[in-house]
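A.B. asks: Would you mind keeping the following structure in view while I ask a few things?
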Amino acid sequence: MKNTKITSVNTAGMRRKREFKDRLANLTIGLGGVGVIAAICLIFFYLVFEVWPLFSGADLEKKAPVQTQAVALYLDADEYNESGIRVLADGQVQILDVKTGKIESATKLPLPEKVRIAHVQRGPILSGLVGIGLSNGQLLVAKPKYDISYGPNNSRIINTSLAFPYGETPLTVDRNGAPLQVFDVRGNDEDLRVTAFAEGRVQRLSFSTGAEASSGLSLSFGDDDADNSNFTEVEREDLPYAGRNVQQIIVGQDGNWAYVFHDGNRASVFNVRNEPIYTQEVALTGPTADVTAVVALQGNVSLMVGDSSGELAQWFMVRDSSSGSDSFNLQKIRSIKLGDAAITALAPEARRKGVVAGDANGNVSYYYTTSNRLILQESAGTSPIRTVAMSARSLGLMVQTDNAYSFWKLEIEHPDISIQSTWKPVWYESYEAPTYTWQSSSGTADFESKLSLMPLTFGTIKAAFYAMLLGAPLAIFGAMYSAVFMSPKLRRKVKPTIELMEALPTVILGFLAGLWLAPTIEDNLPGIFSLLILTPITIVLVGGLWSRLPLEKRAFADGWAPMILIVPLLITGYASFAFSQPIENMFFGGDLRSWLEVSTGLNFDQRNSLIVGLAMGFAVIPNIYAIAEDALFAVPKHLTNGSLALGATQWQTLIRVVLPTASPGIFSALMIGLGRAVGETMIVLMATGNTAIMDWNIFEGMRTLSANVAVEMGEAEVGSTHFRVLFLSALVLFVLTFILNTVAEVIRTRLRKKYGSL
């Protein structure tokens, strides 16, 4: 009786311990599963958090307008939005507090007596030059100057002035003394070039110093305070334009093209690289609208044209590839309707490809060309906008109407990104047509960022496709053979060996592919093609000869038949590479690469998709093989035995019974291998040329999303557009793999339900 009580107590205690362990295990497993889901969700939301600012609009803070009695012809501000310059029609230069509009000081331009300003024209935005046309046909060239120093407590002090880099003596452009209203100025430390409508015709003038003209000495005008009053005209030539109704002149693209706007909506184009040559005349608007404002974007490649109907359009020169000659045409690239009122003022950004427009109804708009986004549109009053200007860092906007001045504080961080610029073809400056292009940086200040994700996504799919094209058949067929036909003893050796391949670091595979495999294949390209053709022939021949042997002579190799293929395959590989050069000399003129380019149009890069397919296919084989082989081997024996008992062969049993039953596992293996190929980084980073191109050519490389993030994330400025677009790349890769895995799980579940009853 006593022993019975002790036994029942021990049993109850053991039951409680088991229940506690079960609850602890369930809790631990549940927490682990929830933790994995939570970690994935956190990764997703963090990526979204970093990407979200790319598609946000502008943050705007308006200051109260300040009433003015005179209209400013020119506005400019320092990069900190603290001090600015305003030039009035009577020649007065006002230094003002940008935010409040308070005038801090005022001076007069060095104008001749009784001479007024006829027109003010900005030069290229990066140069900062400003041409001031006078009523007597002369020209004064100025440049805003902001000297920054620091006082007590590290307070910033800005000394603002309007400097005259080519001297304070006006230069004569129109010798007849007519008001100078239509002109363009370009200059550097050595000379000044003016293109103007003067003396009844369009002229191109060059100015230099007398010292340079007489002695050949080149003086520097980098010091804006230098007295260059001896600046004189050294050359004057006419452009072949006979009209008179000239409204504006712009010289662009490093002084190669001159655009003469005339007769309301017409533009004549001249090649002025050397001797001026007339090239074409185009209509910029429809017959019911006239051009009301024109400005060159940063870099002077694109022209922004505003008209009386409220439309703003981008134009630039495009190479005419169809003519087969080096000819260009001025083409309309994109346009946007800003409203119904005429556009009265335009101002380009100093560091980006955006433009600010003001119209006759007092509305101000900010439009970015590359992304084709209208980011900002606000009202500045009821009177027409006469002058607008944006500070150097695009943090502030100065607006002048007929009777008021106002300042707007801006924050526009990523205007160059939109759905269109990342996923659709974009017509970039100087390109012949819209393209998908990734080019995140350049050495020039007027660079237009090209951040299309299409070539990166295409490269990711291309790399995964060629890797699966090589790896998936080998892995699945190998799993089928080892699970059904191979002897148990050999299987116990082969399966762990293949699974051990997964332990090879991908950086080692990429290193070998880039430094050894790529040059080897390049030097033996005919041998590679020969190997692809001869390998299946060798296998078929050896199999045919083996099947003709008597059963008693091949009984010893039952289940070991693959070992017999090793020597013939090695001989075939050696022969293919040994005869590679003779084959190339005999059939391809000694250079297969050139033959491919000439005969088929296929370019050959040393690090290409073939290399990626071989290296990454080798990397995904272990994953696919291990899962598929387990699924095939786990098919219940009563199914295979029943099939064999009914007279089916092993091959028929494999096709009709084993494969359908194991199909969920095989499909999972393929999807896991595809996910591995999509997310692979080091192999594609080291084994391709990392060129962001969209071409299925197996002999050209690619750039994938993961490799691009690995290459450029270390160089991207934190918080910049480039930085956030890389996070967008990671988000796209995350979503892509999530969709693949979800679809795979859905299909696997359906296959399991369909064949689970077997």
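A.B. asks: Determine the shape class of the stretch 604-758: with a ≥ b ≥ c the square roots of the Cα gyration tensor eigenvalues, call it rounded for a/c under 1.5, and otherwise prolate if a/b is greater than b/c, oblate otherwise. Intermediate results must be reported in sequence, preceding the final value.
C.D. replies: On the way: a/c = 3.92, a/b = 2.19, b/c = 1.78.
Verdict is prolate for the stretch 604-758.
A.B. asks: Further question on the same structure: How high is the FRET efficiency between residue 233 and residue 606 when r is their beta carbon distance and R₀ equals 51 Å, given to the nearest 0.05? Write out the running numbers ahead of the final one.
C.D. replies: Numbers: r = 56 Å, r/R0 = 1.11.
Efficiency for this residue pair is about 0.35.
A.B. asks: Arrange the peptides 313-320, 333-340 so that the one whose residues have, on average, the most other Cβ atoms within 10 Å appears first.
C.D. replies: 313-320, 333-340
A.B. asks: Additional query: Does a label point 7 Å from the Cα of residue 419, set along Cα-to-beta-carbon, have any residues of the stretch 715-758 with amide nitrogen under 17 Å, and which are they?
C.D. replies: 732, by backbone N distance to the label point.
A.B. asks: Between residue 38 and residue 749, how high is the FRET efficiency from 1/(1 + (r/R0)^6) when r is the Cβ-Cβ distance and R₀ = 30 Å? Nearest 0.05.
C.D. replies: Here the calculated transfer efficiency is 0.80.
A.B. asks: Viscosity 1.306 mPa s, temperature 10 °C: what is the translational diffusion coefficient of the stretch 465-511 from Stokes-Einstein with a Kirkwood Rh over Cα pairs, rounded to a whole number of µm²/s?
C.D. replies: Details: Rh = 12.1 Å.
In µm²/s, the coefficient is 131.
A.B. asks: Only four residue types carry charge here, +1 at the Cβ of Lys and Arg and -1 at the Cβ of Asp and Glu. Report the dipole size of the stretch 583-634 about the Cα centre in Debye, rounded to the nearest 20.
C.D. replies: Using Cβ point charges on Lys, Arg, Asp and Glu, the stretch 583-634 gives about 80 debye.
A.B. asks: Using only the C-alpha atoms of the stretch 10-116, find the volume of their convex hull and express it per residue in Å³.
C.D. replies: 170 Å³
A.B. asks: Go through 423-431, 150-158, 573-581 and give me the packing order, highest mean Cβ count within 10 Å leading.
C.D. replies: 423-431, 573-581, 150-158
A.B. asks: If a paramagnetic tag sat 7 Å from the Cα of residue 80 along the Cα-Cβ line, which residues of the stretch 86-107 would have the backbone N under 19 Å from that point?
C.D. replies: Label zone hits: 86, 95-105.
A.B. asks: Can you give the percent of C-alpha pairs in the stretch 246-374 whose distance is more than 21 Å?
C.D. replies: That fraction is 38 percent.
A.B. asks: Could you order 486, 501 by accessible surface area, starting with the largest, using a probe radius of 1.4 Å?
C.D. replies: On the way: 486 25, 501 45 Å².
Accessible-area ranking of 486, 501, largest first: 501, 486.
A.B. asks: Can I ask one more? Using 1/(1 + (r/R0)^6) with R0 = 60 angstrom and r between the beta carbons of residue 465 and residue 15, what's the FRET efficiency to the nearest 0.05?
C.D. replies: For R0 = 60 Å, the calculated efficiency reads 0.60.
A.B. asks: Which translational diffusion coefficient, to the nearest whole µm²/s, is obtained for the stretch 385-449 from the Stokes-Einstein equation, given a Kirkwood hydrodynamic radius over C-alpha pairs, 37 °C and 0.692 mPa s?
C.D. replies: For these conditions, the coefficient is 222 µm²/s.
A.B. asks: Mind running the shape call on the stretch 562-658? Use the C-alpha gyration tensor, a ≥ b ≥ c as the square roots of the eigenvalues: rounded below 1.5 for a/c, prolate if a/b tops b/c, oblate otherwise.
C.D. replies: Taking the square roots of the gyration eigenvalues as a ≥ b ≥ c, the stretch 562-658 is prolate.
A.B. asks: Using the Kyte-Doolittle scale, find the helices of the chain whose mean hydropathy is at least -1.0 and whose Cα atoms extend 24 Å or more along the helix's long axis, counting only whole DSSP H runs.
C.D. replies: Answer set is 2-51, 454-480, 525-547, 561-578, 609-633, 659-679, 721-755.
A.B. asks: Using the 2.2 N^0.38 Å rule of thumb for compact globular proteins, work out how the stretch 237-306 stacks up: its C-alpha Rg over that value, please.
C.D. replies: Output field value: 1.07.
A.B. asks: I've got another one for you. With labels modelled as points extended 7 Å from the Cα through the Cβ direction, what inter-label distance (nm, one decimal) is found for residue 717 paired with residue 254?
C.D. replies: The two pseudo-label positions are separated by 2.5 nm.
A.B. asks: Taking 20 °C and 1.002 mPa s as the conditions, I'd like the Stokes-Einstein D for the stretch 230-270 in µm²/s, using the Kirkwood hydrodynamic radius from alpha carbon pairs.
C.D. replies: Stokes-Einstein gives a translational diffusion coefficient of 183 µm²/s.
A.B. asks: In Å, what Rg and Dmax follow from the Cα atoms of the stretch 395-522?
C.D. replies: Computed over the Cα atoms of the stretch 395-522, radius of gyration and Dmax are 27.1, 96 Å.
A.B. asks: Mind checking Rg over Rh on the stretch 62-106, alpha carbons, Kirkwood formula for Rh?
C.D. replies: Radius of gyration over Kirkwood radius for the stretch 62-106 works out to 0.94.
A.B. asks: Another question about this same structure. Is the shape of the stretch 634-724 rounded, prolate or oblate, going by the alpha carbon gyration tensor and its root eigenvalues a ≥ b ≥ c, with a/c under 1.5 for rounded and a/b larger than b/c for prolate? Let's see the in-between values first.
C.D. replies: Details: a/c = 5.56, a/b = 3.08, b/c = 1.81.
Note, shape of the stretch 634-724 comes out prolate.
A.B. asks: Along each principal axis of its Cα atoms, how long is the stretch 316-464 end to end? Whole angstroms, biggest number first, please.
C.D. replies: If we take the Cα atoms of the stretch 316-464, the spans are 60, 37, 30 Å.
A.B. asks: What nm distance separates the two modelled labels at residue 570 and residue 263, each placed 7 Å from Cα along Cα→Cβ?
C.D. replies: If labels sit at residue 570 and residue 263, their model points lie 8.4 nm apart.
A.B. asks: Just subtract the alpha-carbon distance of residue 537 and residue 499 from 0.36 nm times their residue separation and send over the number in nm, one decimal.
C.D. replies: Details: separation 38, 0.36 × 38 = 13.68 nm, distance 2.81 nm.
Using 0.36 nm per residue and subtracting the Cα-Cα distance, I get 10.9 nm.
A.B. asks: Under the 0.36 nm per residue contour assumption, what length would be gained going from the current alpha-carbon distance of residue 282 and residue 100 to full extension?
C.D. replies: On the way: separation 182, 0.36 × 182 = 65.52 nm, distance 4.38 nm.
Value of the extension gain: 61.1 nm.
A.B. asks: Grab the Cα-Cα distance for residue 61 and residue 742, subtract it from 0.36 nm times how many residues apart they are, and report the gain in nm with one decimal.
C.D. replies: Between residue 61 and residue 742, full extension yields an extra 240.6 nm.
A.B. asks: Moving on to the next point. Counting pairwise Cα distances across the chain, what percent come out greater than 44 angstrom?
C.D. replies: Percent of Cα pairs beyond 44 Å in the chain: 48.
A.B. asks: What's the center-to-center distance, using Cα atoms, between the stretch 335-370 and the stretch 126-180 in Å?
C.D. replies: 25 Å
A.B. asks: Could you state the per residue volume, in Å³, of the convex hull enclosing the Cα atoms of the stretch 454-590?
C.D. replies: Normalising the Cα hull of the stretch 454-590 by residue number yields 154 Å³.
A.B. asks: Roughly how many nanometres apart are two label points built 7 Å out from the Cα toward the Cβ at residue 190 and residue 515?
C.D. replies: The two pseudo-label positions are separated by 4.6 nm.
A.B. asks: Please sort 713-720, 291-298 by packing, taking for each peptide the average over its residues of neighbouring beta carbons within 10 angstrom, highest first.
C.D. replies: With the highest mean Cβ count within 10 Å placed first, the list reads 291-298, 713-720.
A.B. asks: Got a sec? Charge dipole of the chain, +1 on Cβ for Lys and Arg, -1 for Asp and Glu; which of 474, 612, 331 is way out at the positive end?
C.D. replies: Farthest towards the positive pole: 474.
A.B. asks: I've got another one for you. Around residue 320, with a cut-off of 14 angstrom between Cβ atoms, what is the net charge of the other residues, counting Lys and Arg +1 and Asp and Glu -1?
C.D. replies: -1
The values are calculated or read from the model by the stated rules, or taken from the named source; none is laboratory data. Quick caveat: nothing in here was measured; it's all calculated off a predicted structure. Don't worry about glycine lacking a Cβ; one is built from the backbone with ideal geometry, like all the others, and counts go over all protein chains shown. These accessible areas exclude ligands, DNA and RNA; they are computed on the full protein's heavy atoms, side chains included. Shrake-Rupley method; radii C 1.70, N 1.55, O 1.52, S 1.80 Å.
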